[in-house]
Structure formats: structure tokens, C-alpha cells
Amino acid sequence: MMYSSTPELIATCWTSAGDVAPLTNPETSPVPLGERLEAIASTGWAGFGLAYDDLVAARDTIGFSGLRKLIDQAGLRHVEVELLSNWWDESRSHEWKPQFELLLEAAETLGARFIKIGTAFGEPLDDLEFLVEPLRHLTKEASHRGTRIALEPMPFSMVGSMPAAAELMRSVDMPDCGLVVDYWHVFRAGTSLDELSRSLTAEQIFGVELNDADAEIKGTLFEDTRDNRRLCGEGDQDVAGFITTLQAIGFNGPWGVEILSEQHRKRPVREALESARSTALRCFPA
């Protein structure tokens, strides 16, 4: 199989968001949307992601149709939207269903490749059967609106590893329901590249997120993932091996780059984007 010498890279939502972090209230980027898209496009990215609060701000100002015009003018080819949680809990449907409707509207208008979803923080669960029917329901709704559902497993959440998530996808058994494979969550869950290769199929991989980290965890797992990620190739993890493993499975992009750190957030957005892209590219095989 031949691979492009210049992979298509997506600046996932936090990579371009500036000085804002997950679980801040609100999670809205301080960088004006037009300025943000111009910086993403001019530094060579093929696409970008937006978090829920940024989508709310866009809807309430220029509207999703106005945002789509900015995307087209910038020449960005890939869009990702996130993040939905609590979708399995009908007792909280008054909270998450309006959020899901906004994400569906955004995905439909912007041409998003998928809607990223997560699960509650806590110890990973062994029995995930209770998630199967809710995932099927979400996926049917997404399919009707021209998009897909992508679950991101995290080692500090109910779905804690890629092998567990892949097995869950086999139970759901719908082509429009798949996974976001974030390398940080892979190695912090203790999943080896061999285990990853054995558990996943190319059809299950809807998105990939590249990043790096030190060997030592600082603080809690959540604090480490939010504040201490490193640029690709500048930490202790095998980013190049992760890329070649996914290529061997059959995935060939586009590739997300998700850099979350206190240092990254303090950089000017254009500088942060340039560093994130150049370091990620150096991890790909020639």
C-alpha cells in the first residue's frame, strides 16, 4: 500500500483553541473564529475541530451557514465536532438531547466527518452491554443527518481502552459507529501497539489523534492529559510506531493532532499550530 508523502493533518479543537482547556466554564476559545480559521489554513492544515461551546458561539453569531462559508473560503477539507456525554442516561436526556441536536445541526451544515462522543469519568467498566442500544440510537440519528458517531475511549472513563471499545463496536455492529483513537489514551491505558493491532480493524477507526507525553504521569490522569501533553516526537512515546501500526491496520488519514498542555495554550495560536504540525509530520515515514 502506498501512502502520501505529505499526510493530511487536522488541528483538533484544543490544538487551535488558544488559552482555554477542557472543563473550563465555558470552554469557548478566546481566539476569534475568523482569525482561528485563517491561522489553521495558512499554517498548512487540511482541517480542524471545534468543541461544543465554540459551536454554540458560532451558531449564535454568524450561524452555521456563515461558518461554512468561512471554512470554504479557507479551503479546509475536514471538519470535526465534539463532544457529547451522558447520551446513555435517559434520566438526563433533557440535558444531552439539545446538545446532540446542536451537534447534529453543526455536522450536517459543516459537513463534519463524525460527531465525537465520550463517557463519564471514573473507573473503566468490564460490562459495556448497556451502551449498545444507546449507541445504535445515536448512530441512526447521525446517519439520517449525513454524519457518523465516533466514541473516544479514555483510561479514566467508563470505556477505558481501545480493545474494550473495539469489542463494543463489534456488539453495536453499525458501519456509521466507530472510534477515535487518541495515542495518549492508548499508551496511558497500558495498551501495547501489538494489542492495538490485534484489536482494531480499519473500518472501526474514524479518527486518529497524535500527540506525545513523558513516561511519568504528573498529577491525575486527567490533569496529565490536559496539562502535560508534549509535541509529537518530543516525549517518551513511540509516535512513529503508532503511525505505522495504524497504517498497517489500513488507516491512512486524515490524521488529527491533539496537543493539550499549559505550555501549548500560552503560545500565540499561529506559533502553536506551526509547532504542532511540523513536529507531527516528522514522525511519519518518508
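Of the residues making up segment 53-103, those that are closer than 27 Å to residue 35 by Cβ, part of a helix (DSSP H, G or I) and either hydrophobic (A, V, I, L, M, F, W, C) or in contact with a Lys or Arg (Cβ under 7 Å, 6 or more places away or on another chain) (or both) are 55, 56, 57, 58, 64, 67, 70, 71, 74, 102, 103. Of 41, 74, 58, all but one fail to be over 20 Å from the mean Cα position of the chain (by Cα), aliphatic (A, V, I, L, M) and farther than 28 Å from residue 228 by Cβ; the exception is 74. The set of residues in segment 206-237 that are exposed (fewer than 14 other Cβ atoms within 10 Å of the Cβ) and among the small types (Gly, Ala, Ser) comprises 215, 219. Does residue 95 satisfy the criteria of being in contact (Cβ under 8 Å) with a residue 24 or more places away in the chain and among the acidic types (Asp, Glu)? So residue 95 does not fit the description; no.
Is it fair to say residue 167 is of a type outside the set (Phe, Trp, Tyr) and farther than 30 Å from residue 67 by Cβ? Criteria met by residue 167. Does segment 15-29 contain any residue that is within 28 Å of residue 158 (Cβ to Cβ), touching a strand residue (DSSP E or B) at 6+ places or on another chain (Cβ under 7 Å) and not in a loop (DSSP other than H, G, I, E, B)? Checking segment 15-29: at least one residue is within 28 Å of residue 158 (Cβ to Cβ), touching a strand residue (DSSP E or B) at 6+ places or on another chain (Cβ under 7 Å) and not in a loop (DSSP other than H, G, I, E, B). Within the set 145, 170, the sole residue that is basic (Lys, Arg), modelled with pLDDT of 95 or more and over 18 Å from residue 83 (Cβ atoms) turns out to be 170. Residue-level analysis places residue 146 among those that are in contact (Cβ under 8 Å) with a residue 24 or more places away in the chain, touching a helix residue (DSSP H, G or I) at 6+ places or on another chain (Cβ under 7 Å), among the small types (Gly, Ala, Ser) and surrounded by fewer than 15 Cβ atoms within 10 Å (Cβ to Cβ). Within the span defined as segment 187-198, one or more residues are in contact (Cβ under 8 Å) with a residue 12 or more places away in the chain, crowded, with 20+ Cβ neighbours inside 10 Å, in contact with a Ser or Thr (Cβ under 9 Å, 6 or more places away or on another chain) and charged (D, E, K, R). Close Cβ contacts (under 9 Å, 6 or more residues apart or on different chains) running from residues in segment 155-184 that are over 13 Å from residue 197 (Cα atoms) and free of Cβ contacts under 8 Å to residues at least 12 places away in the same chain to residues that are of a type outside the set (Lys, Arg) and part of a helix (DSSP H, G or I) comprise 170/204; 173/132.
Could you list, ordered by first residue, the pairs with Cβ atoms under 9 Å in which the first is in segment 200-214 and within 22 Å of residue 167 (Cα to Cα) and the second is of a type in the set (S, T, N, Q) and part of a loop (DSSP other than H, G, I, E, B), at least 6 apart or interchain? Close Cβ pairs satisfying both conditions: 202/252; 207/12; 209/12. Among the residues of segment 115-128, is there at least one that is over 21 Å from the mean Cα position of the chain (by Cα), crowded, with 16+ Cβ neighbours inside 10 Å, aliphatic (A, V, I, L, M) and modelled with pLDDT of 95 or more? Yes, segment 115-128 contains a residue that is over 21 Å from the mean Cα position of the chain (by Cα), crowded, with 16+ Cβ neighbours inside 10 Å, aliphatic (A, V, I, L, M) and modelled with pLDDT of 95 or more. Scanning segment 8-22 for residues that are within 24 Å of residue 206 (Cβ to Cβ) and surrounded by fewer than 19 Cβ atoms within 10 Å (Cβ to Cβ) yields 8, 22.
The values are calculated or read from the model by the stated rules, or taken from the named source; none is laboratory data. Remember, predicted model here, so these are calculated numbers, not experimental data. Positions of Cβ are backbone-derived with ideal geometry, glycine not excepted, and every protein chain shown enters the neighbour counts.
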